[in-house]
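Engineer: Have a look at this one before I ask anything.
What follows draws every value from the coordinates through simple rules; no lab data is involved. None of the values given here were measured: they were computed from a predicted structure. Cβ: placed from backbone, ideal geometry, glycine included. Neighbour counts: every protein chain shown.
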Amino acid sequence: MKSLIAIGLLAVSMSALADTEAALPYVDLWQLHQEAQGADPRILRAQALTRSGDGNERAALGRLLPQLNASSSVNRSRRDDDLGRIQYNGKRMAVVLNQVLYDPQVWRSYQKYVELAQKSQYESDDTQVQSSIDLSERYFAVLAAEDELSLVRSELAATERNLKRIKALYARQMVMVTDTLDLEARVDALKADEIEAGNKVQVSREAISELVGRDVQEPLKRIGDNPAFTLPPQTPDDWIRMALDSNPALHAREHNIRAAEAAIGEAKAGHLPRLGLNLTAQRSDIGYEGALTPRSDNLVASLDLQVPLYSGGSTSARVSSSESDREVAQQELEALRRQVVKETRTAYLGMMAELSRIKATRRALESAEKSRTATEKAFGYGVKNAVDVLDSIKDEFRARRDFYQSQYRFVTSLLVLHRWSGRLGDGDIRKTNEWLVAPNN
């Protein structure tokens, strides 16, 4: 009884969803891509990190530029001595200009933040690319889930029609009771499959909603009939070379190594002298211990030289720590380089395999359609039983599902190939979107 209630509730919810989708306009991959670019928290975080890196770079540059400070003080003093009491007001004003002439530690710090800012920019680019790939994979996952639901419903409808037909034949004692029982069992199993398929559709749509920041209930455009799928002209080695040259994640790791090398130089500069220029202009009528003196104007130019002698070993420790950080960055770069080579080659091989699979599943679908037609005719002649007919229908539905899914995997493999090569852009998403059309209902 509970299963019947669950099936009824699912039917109502799926019917309501179908009515909702019918009332909404179709959306495609490009529209959702544009929404995700402004709503994906990963992209917004990466952009904020880029702005933070730019700010740190500018702050480090500011330490190399002149530092101008002004100060002023006004006081009222009272002085008591054997001759009497004196009260008076005093003023002091000063302007100080400091300019670094030689400070390798400040210069290396600036170089480090320049590299870190570049690293943040490349990481932001890589995050945007990864978001595009995630959205594309989730988009086609929705299509695959909806295909599965549609095929289960079609198979269920065909099985229910054949069940009515078998029951009519059984009433006339033209088929065995086992045929009727087999079909009833298959109908129950398909209804359970329909519940599971409906859940997959909802879950896969939630995955898209996570990226675009809203509930996605609109119907999605689908791959049209006979899309022009072809392999790109480049060889796998060409794609690997492009990936090693253009992948933004690799560039980010390279800048991370340069930042670590600058950090080593910054730490070593703790042993070197520093030279600065100071210019001071001061006007004051306050003397020693606050005594009132005639107003005087002082102009002072000085060179300050600082020579570090001993810092308790902290400078050497920072050098050692920075060298270890560079080793970590180098190993991260090597690990990522190997991953890029592997993923690029895997994506290319997967794309080739799916293109061949598309051709094979198309032929399998044509054969399954012919087999189902022949089996139905044989059943009419009494050569085949009802289960044979349903098996042929099931094989046709599965062949159609496999054909659709091979198309989805080809497209996602192509996009993943562009992703690892570092050349996935809006143009690639638009080209993929050209294969998507609103289905004819």
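Engineer: In this structure, does ARG138 turn out to be of a type outside the set (Val, Ile, Thr), in contact with a helix residue (DSSP H, G or I) (Cβ under 8 Å, 6 or more places away or on another chain) and over 30 Å from HIS33 (Cα atoms)?
Structural biologist: No.
Engineer: Looking at the range 386-434, which of its residues are under 23 Å from the mean Cα position of the chain (by Cα) and of a type in the set (Phe, Trp, Tyr)?
Structural biologist: TYR408, PHE410, TRP420
Engineer: Would you please list the contacts, defined by Cβ atoms under 9 Å and residues six or more apart or on different chains, that run from a residue in the range 94-112 that is farther than 11 Å from GLN67 by Cβ to a residue that is basic (Lys, Arg) and assigned to a strand (DSSP E or B)?
Structural biologist: ALA94/ARG283; LEU101/ARG274; TYR102/ARG274; ASP103/ARG274; PRO104/ARG274; GLN105/ARG274; VAL106/ARG274
Engineer: Among the listed residues SER72, SER136, identify the single one that is without any contact (Cβ under 8 Å) to a residue 60 or more places away in the chain and among the small types (Gly, Ala, Ser).
Structural biologist: Answer to the check: SER72.
Engineer: Which condition number in (1) within 25 Å of the chain's Cα centre (by Cα); (2) of a type outside the set (Gly, Ala, Ser); (3) surrounded by 15 or more Cβ atoms within 10 Å (Cβ to Cβ) is the one that GLU194 fails?
Structural biologist: (1)
Engineer: Of the residues that make up the range 31-38, is at least one part of a loop (DSSP other than H, G, I, E, B), surrounded by fewer than 13 Cβ atoms within 10 Å (Cβ to Cβ) and under 34 Å from the mean Cα position of the chain (by Cα)?
Structural biologist: yes
Engineer: Evaluate the range 271-288: report whether one residue or more is more than 25 Å from the chain's Cα centre (by Cα), surrounded by 13 or more Cβ atoms within 10 Å (Cβ to Cβ) and within 23 Å of ARG409 (Cβ to Cβ).
Structural biologist: Looking through the range 271-288, none of the residues is more than 25 Å from the chain's Cα centre (by Cα), surrounded by 13 or more Cβ atoms within 10 Å (Cβ to Cβ) and within 23 Å of ARG409 (Cβ to Cβ).
Engineer: Still on this structure: Would you pick out the residues in the range 40-49 that are surrounded by 16 or more Cβ atoms within 10 Å (Cβ to Cβ) and either closer than 12 Å to VAL212 by Cα or among the aromatic types (Phe, Trp, Tyr) (or both)?
Structural biologist: Scanning the range 40-49 gives ASP40, ILE43.
Engineer: Next question. What do you reckon, is LEU116 touching a helix residue (DSSP H, G or I) at 6+ places or on another chain (Cβ under 9 Å) and farther than 30 Å from VAL27 by Cα?
Structural biologist: The answer is yes for LEU116.
Engineer: Of all residues in the range 368-403, which are in a helix (DSSP H, G or I) and without any contact (Cβ under 8 Å) to a residue 24 or more places away in the chain?
Structural biologist: If the condition is that a residue be in a helix (DSSP H, G or I) and without any contact (Cβ under 8 Å) to a residue 24 or more places away in the chain, then LYS370, THR373, ALA374, THR375, GLU376, LYS377, ALA378, PHE379, GLY380, ASP388, ASP391 are the ones that fit.
Engineer: Additional query: Residues that are within 21 Å of ALA145 (Cα to Cα) and of a type in the set (Gly, Ala, Ser): does the range 419-441 have at least one?
Structural biologist: The answer is yes; a qualifying residue exists.
Engineer: Scan the range 31-64 for residues that are polar (S, T, N, Q), over 22 Å from TYR113 (Cα atoms) and touching a residue at least 24 places away in the same chain (Cβ under 8 Å) and jot them down.
Structural biologist: Within the range 31-64, GLN37 is the sole residue that qualifies.
Engineer: When the range 266-286 is examined, which residues are found to be more than 26 Å from GLU115 (Cα to Cα) and out of contact with any Asp or Glu (no Cβ under 9 Å at 6 or more places or on another chain)?
Structural biologist: LEU279, THR280, ASP285, ILE286
Engineer: What pairs come out if I take residues in the range 334-346 that are without any contact (Cβ under 8 Å) to a residue 60 or more places away in the chain and pair them with residues that are polar (S, T, N, Q) whose C-beta lies under 9 Å away, six or more apart or interchain?
Structural biologist: Note: pairs meeting the criteria are THR346/SER413.
Engineer: Return the pairs, sorted by first residue and then second, in which the second residue is surrounded by 13 or more Cβ atoms within 10 Å (Cβ to Cβ) and outside any helix (DSSP H, G or I), the first residue lies in the range 194-220 and is without any contact (Cβ under 8 Å) to a residue 60 or more places away in the chain, the beta carbons are less than 8 Å apart, and the residues are 6+ apart or on different chains.
Structural biologist: Partner pairs satisfying both residue conditions: SER209/VAL216.
Engineer: Let me ask something else. Please state which of the following conditions LEU303 fails to meet, knowing it meets all the rest: (1) over 31 Å from the mean Cα position of the chain (by Cα); (2) surrounded by 13 or more Cβ atoms within 10 Å (Cβ to Cβ).
Structural biologist: Condition (2) is where LEU303 drops out.
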